[in-house]
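The values are calculated or read from the model by the stated rules, or taken from the named source; none is laboratory data. For clarity, every value in this text was computed on a predicted model and none was experimentally measured. Cβ coordinates were reconstructed from backbone atoms using ideal geometry, including for glycine residues, and neighbour counts include every protein chain displayed.
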């Protein structure tokens, strides 16, 4: 009986140590909403690029007919990013307060750094590619760098985040082979995968 009690206590201690070294206030609902924002942005871009014709034709190299189209797409992407970040921060803070968990500390700082490094590096690379007119590689690059950011951040939060990161990387590599379908892969990676992942996280950790 004593051995069983000791084992239970060790399991409890191990669980407490893991929780103290992980940022567990991430909101699954924010992932779902980020996916919805991304799909809305992709739908807007689709209508702009294809003029509502309903045809999604493949091109070996993606081209924009006007500079204003590139600027509009960049604006839409930034709007989706800002909306996703704002939603994530609001819902994460709310969840942390509800569960009495700290929001800012060593773990959250490590999480932020490991996410920011690939994201900032990838963002700067994408801007360079856009300036030089390499539009076809933008979607694969954004998916791959985002996946790397999630994979690195998974060491400081739920392990489930790693699977989302690996999925984004794989999808980005496939998108690099089919640059003409960049918008479709972008919608799948930032839209559908976020909704699926966010739903799983919500029912697993938020309820």
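More than 26 Å from residue 94 (Cβ to Cβ) and surrounded by fewer than 21 Cβ atoms within 10 Å (Cβ to Cβ): which single residue out of 172, 123, 189 fits that description? Talk me through it step by step, then tell me what you get.
On the way: 172 fails: surrounded by fewer than 21 Cβ atoms within 10 Å (Cβ to Cβ); 189 fails: surrounded by fewer than 21 Cβ atoms within 10 Å (Cβ to Cβ).
None of the other options fit; the residue is 123.
Residue-wise test of (1) in contact with a strand residue (DSSP E or B) (Cβ under 8 Å, 6 or more places away or on another chain); (2) within 21 Å of residue 194 (Cβ to Cβ); (3) surrounded by 16 or more Cβ atoms within 10 Å (Cβ to Cβ).
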residue: 75; (1), (2), (3): no, yes, no
residue: 85; (1), (2), (3): no, yes, no
residue: 107; (1), (2), (3): no, no, yes
residue: 116; (1), (2), (3): no, yes, no
residue: 119; (1), (2), (3): no, yes, yes
residue: 128; (1), (2), (3): no, no, no
residue: 139; (1), (2), (3): no, yes, yes
residue: 153; (1), (2), (3): no, yes, yes
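Restricting attention to region 40-70, which residues are at pLDDT below 80, part of a helix (DSSP H, G or I) and surrounded by 12 or more Cβ atoms within 10 Å (Cβ to Cβ)? Write out each step before concluding.
In the first step, residues of region 40-70 are kept if they are at pLDDT below 80; the result is 48-70.
Among the residues that remain, those that are also part of a helix (DSSP H, G or I) are: 48-50, 67-70.
Hits for region 40-70 are 48, 49, 50, 69, 70.
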